[in-house]
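The values are calculated or read from the model by the stated rules, or taken from the named source; none is laboratory data. It should be emphasised that the depicted structure is a prediction, and the values quoted were computed from it without experimental measurement. All Cβ positions, even for glycine, are placed from backbone atoms using ideal geometry, and neighbour counts span all protein chains on display.
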Amino acid sequence: MVVDWAGTVLAPSEDNAPSRVVQIHSRAEFDDLLAADPERLVVLMCKALSCRPCKAFKRKYDRASRKYGDVLFCEVFGDESKELRGMMMDAQVRVTPTFIMYRAGNVVHSHVGIKEDKLLQALQTQVLGEPLTSGDAAEASGSGSPGA
């Protein structure tokens, strides 16, 4: 329960819900996640500790992880270790953030940048096999107006 300073009970916010994003600390850990359920879509956000756009996109990435519960969302900091830097180099990550989607151990989509509609479009296509319309994108991002 969340209460404001005056004692009013506030409705829980989806943005305050715990993150479902798994932080990757080794290549073996990521390989194990891919192998555990080969048909499950896995989204990997490749980022750096000092990447401001990566930090700015965190809340939106967390929100997407809650919306698409059947998808496994992961993140890796390439500057955490030499091993993770090598993992990102092997994936041909040149800038952060880079999003890479895997299914059955194969890359099925990748893109660079923090445009939420790009991520949602790719998720919609990979999960449902159909593109996202502009109205669906606004609703999925939480920016659509109710009843519209």
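Regarding L49, is this residue farther than 22 Å from A17 by Cα and in contact with an Asp or Glu (Cβ under 6 Å, 6 or more places away or on another chain)? Yes: the conditions hold for L49. Among the residues making up segment 34-84, those that are among the aliphatic types (A, V, I, L, M), more than 14 Å from the chain's Cα centre (by Cα) and under 17 Å from V95 (Cα atoms) are A48, L49, L84.
Where strands (runs of 3 or more DSSP E) sit wholly within segment 1-102, those with at least 1 residues that are modelled with pLDDT of 95 or more and among the acidic types (D, E) occupy 72-77. For segment 15-33, the tally of residues that are within 16 Å of the chain's Cα centre (by Cα) and either of a type in the set (K, R) or within 20 Å of G113 (Cβ to Cβ) (or both) stands at 2. Take the residues of segment 60-95 that are β-branched (V, I, T) and surrounded by 21 or more Cβ atoms within 10 Å (Cβ to Cβ): which is nearest to L49 (Cα to Cα)? This residue is V76.
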